[in-house]
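Chemist: Okay, here's the structure, questions in a sec.
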Amino acid sequence: MNDIFFETIFPIFVVIGMILWFYCIWFYHKYDKNTNRLIFLLFFNVYYVPFYLYRIKDLKRENKIKALSEEIFDSEFINQSRLSIIEVVELWASPKDQLENLQADNQVNIIEELFTQWNDFYRIDNNIIEEAFAEFEIELLEAFNKSLLLSQEKFSDIYPELDDFQKTNDWKVLSKLAFEILKEIK
């Protein structure tokens, strides 16, 4: 009976223990380098494995919670990015809103503010834009962006006043393009 245990059963337990020990060392190097658990894994070998397996379980649970919270944050950021871009396009499409903004704060150059807002909201990470908008919406926004860049290059950081800009062909094209985009997106 004793011979059977040491010849067949004990080697199986040793192999399982060694496999788990190698798994723990692999997990430590991949996910848990900031702790001093390696000392215990090396000195206490297989004896420390059950304790470290419990730590692995806790770390996986913590990582799952972090990933879930990041996913929630990402989805909120994507929705907010979409809404911000649509609001800027609405401003470009509406001369009435532009005038209201000018009357609310006549110290600010509304045209410069429109260009700046577009640059801030649209030129974020492409992955966020791809998540926030459908493919045909991205194509429309990209066409608007190209037209906006061409118009912005003409000013070279000296933006005209709103009344002067609304008389230009650039404003008419950008406003009409913004209006068409809003019809398609909403």
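All of the numbers you see were taken from the coordinates with simple rules; none came from a lab. For clarity, every value in this text was computed on a predicted model and none was experimentally measured. So basically every Cβ, Gly included, is an ideal-geometry build from the backbone, and we count neighbours across all protein chains shown.
Chemist: Enter the Cα centre distance for the pair the stretch 73-105 and the stretch 132-186, rounded to the nearest angstrom.
Modeler: 13 Å
Chemist: Let me ask something additional. Using helices alone, I'd like the mean residue ellipticity at 222 nm for the chain: each DSSP H run of four-plus residues gives -39500 (n - 2.57), total over residue count, nearest 500.
Modeler: -26500 deg cm²/dmol
Chemist: Name the residue farthest towards the positive end of the dipole of the stretch 2-68 from the options Phe6, Asn63, Asn36, assuming +1 on Cβ of Lys and Arg, -1 on Cβ of Asp and Glu, about the Cα centre.
Modeler: Working it through, the farthest residue towards the positive pole turns out to be Asn63.
Chemist: Determine the relative contact order of the stretch 2-68: mean sequence separation of Cα pairs under 8 Å and six or more apart, normalised by residue count, in whole percent.
Modeler: This gives 31 percent for the stretch 2-68.
Chemist: Can you put Ile110, Ile16 in order of Cβ neighbours within 10 angstrom, beginning with the fewest?
Modeler: Ranking Ile110, Ile16 by Cβ neighbours within 10 Å, fewest first, gives Ile16, Ile110.
Chemist: Still on this structure, I have one more. At a Cα cut-off below 24 Å, give the lysines reachable from Lys64, other chains included and same-chain residues fewer than 8 away excluded.
Modeler: By straight Cα distance, Lys64 reaches Lys30, Lys33.
Chemist: Here is a further query. What is the gain in length, in nm to one decimal, between Arg123 and Leu182 on full extension, counting 0.36 nm per residue of separation less the C-alpha to C-alpha distance?
Modeler: 19.4 nm
Chemist: How far, in degrees from 0 to 90, does helix 135-155 lean away from the longest principal axis of the Cα atoms of the chain, to the nearest 10?
Modeler: The angle comes out near 50 degrees.
Chemist: P(r) for the stretch 73-186: what percent of alpha-carbon pairs falls in each 5 Å bin, starting at zero?
Modeler: Each 5 Å bin holds this share of Cα pairs: 2, 11, 23, 25, 19, 12, 7, 2, 0.
Chemist: Could you work out how far helix 169-185 tilts from the main Cα principal axis of the chain, as a 0 to 90 degree angle to the nearest 10?
Modeler: Taking Cα atoms only, the helix is inclined about 50 degrees.
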